Amino acid sequence: MHADRHTVALLGNPNTGKSSLFTALTGTRQKIANFPGVTVEAKLGTAKFENSEITIIDLPGTYSLAARSPDERVATEALLGRVPGTPKPDGVIIVLDASNLERNLYLATQVLEFGLPAVIALTMLDVAQSRGITIDVEVLGKQLNATVVPVNSPQGKGIDALKAALHRTLHHPGKALHVPFGDEFTKSVDELHAAVCDLSVKLGFKPARPEALRLLVDGAGPFFDECEQVGGGAFTDTLQKLRAKAAAGSSLALIEAQARYGLIGGWVAQARTSDDDGKRTKTDKVDAVLTNKVWGTLIFMVLMLLVFQSIYAWAGPLMDGIEEGVGALGGLLLALVPDDMPMLHSLLKDGVIGGVGGVLVFLPQILILFLFIAILEDLGYMSRAAFLMDRVMAPLGLNGRSFIPLLSSFACAIPGIMGTRVIEDRNTRLTTIFLAPFMSCSARLPVYTLFIAAFVPDHGVGPFNLQGLVLFAMYWVGVLFAIPTALVLKRGILKSKITPFLMELPSYKMPRPKAVARVLVERGGAFIKRAGTIIFAVAIIVWALAYFPRDGAVIEKHDAAIAASEDEFAAKVAAIAKDGGFAEDDEALAASVADIEELTATHEEAVAATEEEIVDEAELEAALEERAAAFTAALLELKRRHGAAFEPAQVIYTARIEGDEAVAALEKQRDGELLAGSFLGIAGHAIEPAVKPLGWDWRIGMAAIASFPAREVIIASLGTIFNLGGDEDEESESLRHVLVDAEDKEGNPLFTLATALSIMVFFALCAQCAATLAIMRRETNSWKWPIASFVYMTSLAYIAALVTYQVASALGA
Amino acid sequence: MTTLADLPVGASARVITVTAQAALEQRILEMGVLPGVQLKVVRQAPLGDPIEIKVMGYSLSLRRSEAACIEVEVQA
């Protein structure tokens with residue numbers, strides 16, 4: 001049987017239950033459709049009814065089709081089938097919130113003017129009922145000339161009836177709704193429509209009549225820009241003349257709103273009965289607490305503390321778990337690589353496994369933040385939070401909705417940027433995205449920790465500690481630069497065309513676990529798919545830059561030294577054995593060495609465990625003494641058992657440790673020299689003149705370049721370049737000492753307090769995070785913003801580090 | 001002239017006119033705040049701005065600067 005295929009667009013106001021209706025209709029068969037050139041996205045899904053297959057386009061929720069930005073224009077473009085890659089709808093489903101009928105019908109009147117076959121999904125009937133509102137579905141349907149189907153998506157009620165109504169409707173042509181605007185107005189729309197139709201060829205499409213209406217009333221926006229471009233002055237003259245004629249001294253927006261709401265008022269008077277006595281609804285009662293001056297503020301602060309604490313601290317163990325898990329799986333994989341393939345080994349270890357870990361490690365923070373956002377949004381609290389915080393953000397040109405994304409960015413900018421979706425106004429959202437990486441995220445902390453511990457004196461300043469003050473200052477550097485950045489952006493290129501803070505405060509609803517879970521799966525999946533690939537690619541590229549070109553002579557030189565050291569060790573062992581009167585391969589001697597090794601290892605483990613367990617110093621000392629005594633006793637017992645073999649075995653064991661350390665040191669030296677000769681090292685040398693005024697040498701420059709994919713990488717890079725190996729962390733004593741002792745070419749200390757401060761300021765401001773840039777690209781749907789962010793933040797970081805170093809060294813730091 | 005921004009919390013009023021820059025005026029009208037409509041000031045945010053009004057059966061929050069564009073007539 002030939003399947004019947006259709007496409008319908010799903011439209012409605014925000015907060016009407018549109019998304020859950022979409023899910024109820026399409027199940028899990030959804031995909032995200034990006035619209036070119038805009039930051040909003042739609043979802044595509046398929047609903048099945050009998051033998052027909054209906055593709056549903058879930059368009060972004062909106063209050064009106066008036067379009068001032070490309071984002072707002074998308075709904076119209078999609079209705080007319082002009083979005084590349086998205087099929088042209090042959091019908092619409094309009095979602096109406098029964099508890100808020102008038103304002104919801106405003107959009108409906110605009111959509112019905114397109115004349116597409118339409119079905120109305122009436123949601124929130126339970127809320128309406130609880131307020132004593134009854135709606136006559138038959139009467140409403142007759143007035144709208146469309147079937148009205150009551151639905152309750154979470155319970156699955158009315159979904160089949162909606163599909164059946166859709167199926168029937170799609171086989172009958174629609175009829176455009178006629179809104180009585182008055183003769184002059186209607187005639188002007190017709191004339192303008194004819195005028196823009198004359199531009200069809202140049203525009204590349206035939207404008208619809210409702211578009212002409214929008215053009216007449218709005219007199220601006222993306223469609224106006226397109227027409228002006230192809231029609232020039234003749235077009236603008238016509239438009240101005242018609243606008244003046246239609247307005248007849250009044251305001252066109254007022255004429256439109258009055259005509260639509262007039263029509264709606266008539267409909268509602270007949271279709272709705274209400275015994276709403278104006279008594280307080282549940283939402284009113286909850287709001288009396290949640291937006292109360294004292295309680296509301298307190299609850300908000302506790303909630304924010306909880307959100308911040310959970311991303312900042314609770315995600316930590318999960319992230320460690322992921323890193324360990326990936327490391328362990330990687331270890332299994334590495335064991336399969338033959339020893340004679342060092343490049344494959346390095347690629348897998350530092351490139352692939354590091355890259356996968358680098359993607360997955362962000363998941364806990366993203367999921368935790370979105371768990372909160374999804375619950376709070378579903379509950380209806382997000383707009384209350386914005387209501388409470390608007391006054392704080394308004395001076396920056398932002399609004400209350402920017403607060404939570406920016407706060408979460410102090411833990412990590414990735415979930416913060418993904419969280420900006422709650423901001424309706426495009427320019428405010430873009431500004432917030434741009435500011436998010438300025439907030440000092442948790443990845444910067446290790447960098448501060450290392451350099452503060454190594455170079456900032458640990459002494460008191462009044463009641464404070466200087467190290468603590470410097471750390472505090474580092475957290476504020478980003479905010480300090482974010483403020484003027486916000487002001488410049490919002491007054492300049494991202495000026496909002498309307499004051500963005502007309503915000504609906506929706507009724508509170510119980511969060512639905514399924515909807516929350518869906519958001520988590522969607523956000524987590526989107527991050528891995530869209531941003532993960534970029535982060536992974538960057539990890540591989542940086543691995544290659546640090547690995548190649550790999551000078552063969554350097555490897556040979558060091559491998560020869562390593563082999564010599566190993567030979568030396570073997571000769572030493574043979575001599576010791578001979579001195580003790582044993583053959584080199586004596587079994588008793590080998591057994592004795594093995595026993596000593598095992599005993600020592602067990603002892604060291606026990607000491608480490610004790611040190612971790614016992615906090616009290618005196619208690620710890622006593623416990624350690626006890627351990628040492630037990631160890632000595634065990635050694636004596638071994639000596640008694642092994643007899644003559646014990647003493648030489650002990651000497652061999654000590655020699656072996658020394659030999660292993662010598663080889664490890666040589667290997668680290670080799671890795672350091674190879675990194676110095678890699679493309680990264682070459683780049684470090686190349687930029688040395690540029691970073692010299694910052695107090696840096698080529699090694700710091702190279703470590704900074706290596707940390708562009710992820711700032712915390714600087715620590716491992718410094719570890720490698722100073723021949724300590726790549727496994728150093730910010731708590732490492734040896735790394736601190738090496739940094740303090742490091743010298744420049746003239747033999748002066750490489751790092752001074754001024755250098756350390758300049759590095760920290762650089763890291764506080766620089767866009768060193770491939771994941772942030774990747775997610776910025778995804779959320780803005782364009783490379784323009786991540787590139788702008790990268791260039792701007794890197795320049796700012798350079799200048800600020802330069803000033804910091806010059807001022808600090810002039811002051812003698 | 002009394003505007004919405006002048007009303008104390010709890011006051012009811014009827015909209016007389018909306019006078020603002022074109023895009024803001026349009027947005028205010030679209031949200032159902034148009035001449036003749038009844039509204040009520042429900043509360044203000046803890047920091048005094050924005051305010052919340054009840055209009056056409058739903059809650060709308062707007063800044064005082066926006067409320068100042070809406071001329072109203074106080075109802076008993």
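Just so it is clear, none of the values below were taken in a lab; they were calculated from the coordinates. Every value quoted in this text rests on a predicted model; they were computed, and no experiment measured them. Note that each Cβ is placed from the backbone with ideal geometry, even for glycine, and that neighbours are counted across all protein chains shown.
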Exercise for the section: Per residue of the range A:336-353, in order, report the coupling 6.51 cos²θ - 1.76 cosθ + 1.60 (Karplus, θ = phi - 60°) as ³J(HN,Hα) in whole Hz, putting x for Gly and Pro. Expected result: 7, 7, x, 4, 8, 10, x, 5, 4, 4, 5, 4, 5, 5, 8, x, 5, 5
Practice task
Provide the FRET efficiency to the nearest 0.05 for the A:Asp340-A:Glu647 pair, computing r from the beta carbons and using R0 = 60 Å.
Solution key: 0.95
Practice task
Run the numbers on the range A:757-813 and let me know its relative contact order in percent, using alpha-carbon pairs under 8 Å that are six or more apart.
Solution key: 50
Practice task
Starting with the highest mean, order A:438-445, A:140-147 by the number of other Cβ atoms within 10 Å, averaged over the residues of each peptide.
Solution key: A:438-445, A:140-147
Practice task
Would you be so kind as to identify which of A:Ile133, A:Ile614, A:Ala257 lies farthest towards the positive end of the dipole of the protein assembly as shown, taking Lys and Arg as +1 and Asp and Glu as -1 on Cβ and the Cα centre as origin?
Solution key: A:Ala257
Problem - Cross-link table A:Lys282/B:Lys54; A:Lys349/A:Lys668; A:Lys88/A:Lys206; A:Lys18/A:Lys495; A:Lys163/A:Lys514, entries beyond 19 Å C-alpha to C-alpha - result: A:Lys18/A:Lys495; A:Lys163/A:Lys514
Handout entry: chain A, dipole about Cα centre (Lys/Arg Cβ +1, Asp/Glu Cβ -1), debye to the nearest 20
Key = 6280
Practice task
Determine the dipole magnitude for the range A:552-672: charges of +1 sit on the beta-carbon of Lys and Arg, -1 on that of Asp and Glu, nothing else is charged, the reference point is the Cα centre, and the result goes in debye to the nearest 20.
Solution key: 640
Practice task
List every DSSP H helix in chain A whose Cα atoms extend 20 Å or more along the helix's own long axis and whose mean Kyte-Doolittle hydropathy is at least 0.0.
Solution key: A:252-271, A:295-309, A:315-335, A:363-379, A:466-491, A:532-547, A:552-579, A:784-810
Handout entry: Length-normalised contact order for chain A - Cα pairs under 8 Å, 6+ apart - percent
Key = 10
Fill in the blank from the handout: The local net charge around A:Phe451, scoring Lys/Arg +1 and Asp/Glu -1 for residues other than A:Phe451 whose Cβ lies under 10 Å from its Cβ, equals 0
Exercise for the section: Please list, or write none, the aspartates and glutamates whose alpha carbon is within less than 17 Å of the alpha carbon of A:Lys692, excluding same-chain residues fewer than 8 places away. Expected result: A:Glu743, A:Asp744, A:Glu746
Exercise for the section: Just grab the label-to-label distance for A:Ala690 and A:Ala591, each label 7 Å out from Cα along the Cβ direction, in nm (one decimal). Expected result: 6.6
Problem - In nm, spacing of pseudo-spin labels at A:Ile541 and A:Met510 (7 Å Cα→C-beta vector) - result: 5.0
Problem - Cβ-defined net charge surrounding A:Gly643, 14 Å radius [Lys, Arg +1; Asp, Glu -1] - result: -2
Practice task
Would you please classify the overall shape of chain B from the alpha carbon gyration tensor, given that a ≥ b ≥ c denote the square roots of the eigenvalues, rounded means a/c under 1.5, and beyond that prolate means a/b larger than b/c while oblate covers the rest?
Solution key: rounded
Handout entry: A:Thr533/A:Ala248 FRET efficiency (R0 56 Å; Cβ-Cβ; nearest 0.05)
Key = 0.45
Exercise for the section: Taking amide H positions as placed in the peptide plane 1.01 Å from N, state which residues far from B:Val55 in sequence (5 or more) or on other chains have amide H under 5 Å from it. Expected result: B:Leu60
Practice task
May I ask what percent, to the nearest 5, of DSSP beta bridges between residues of the protein assembly as shown are antiparallel?
Solution key: 65
Handout entry: Computed E for A:Lys187/A:Ala269 - FRET, C-beta separation, R0 22 angstrom, nearest 0.05
Key = 0.15
Handout entry: Relative contact order [Cα under 8 Å, 6+ residues apart], chain B, whole percent
Key = 44
Handout entry: Separation of the A:Asp741 and A:Lys48 label points, Cα + 7 Å toward Cβ, nm
Key = 7.2
Exercise for the section: Would you order A:Asp126, A:Asp275, A:Asp58 from fewest to most other beta-carbon atoms within 10 Å of each residue's own beta-carbon? Expected result: A:Asp275, A:Asp126, A:Asp58
Exercise for the section: Give me the number: length gained by fully extending A:Glu667 to A:Trp314, i.e. 0.36 nm times residue separation minus the C-alpha to C-alpha distance, one decimal in nm. Expected result: 123.3 nm
Practice task
Work out how much length A:Ala176 to A:Asp284 would gain on full extension: take 0.36 nm times their residue separation and subtract the Cα-Cα distance, in nm to one decimal.
Solution key: 35.0 nm
Handout entry: the protein assembly as shown, helix-only ellipticity at 222 nm - DSSP H runs n ≥ 4, -39,500 (n - 2.57), divided by all residues, nearest 500
Key = -19000 deg cm²/dmol
Problem - Extension gain (nm, one decimal) between A:Arg5 and A:Ala583, 0.36 nm per residue minus Cα-Cα - result: 199.3 nm
Problem - Net charge contributed by nearby residues that have their C-beta within less than 9 Å of A:Asn13 (K/R +1, D/E -1) - result: 0
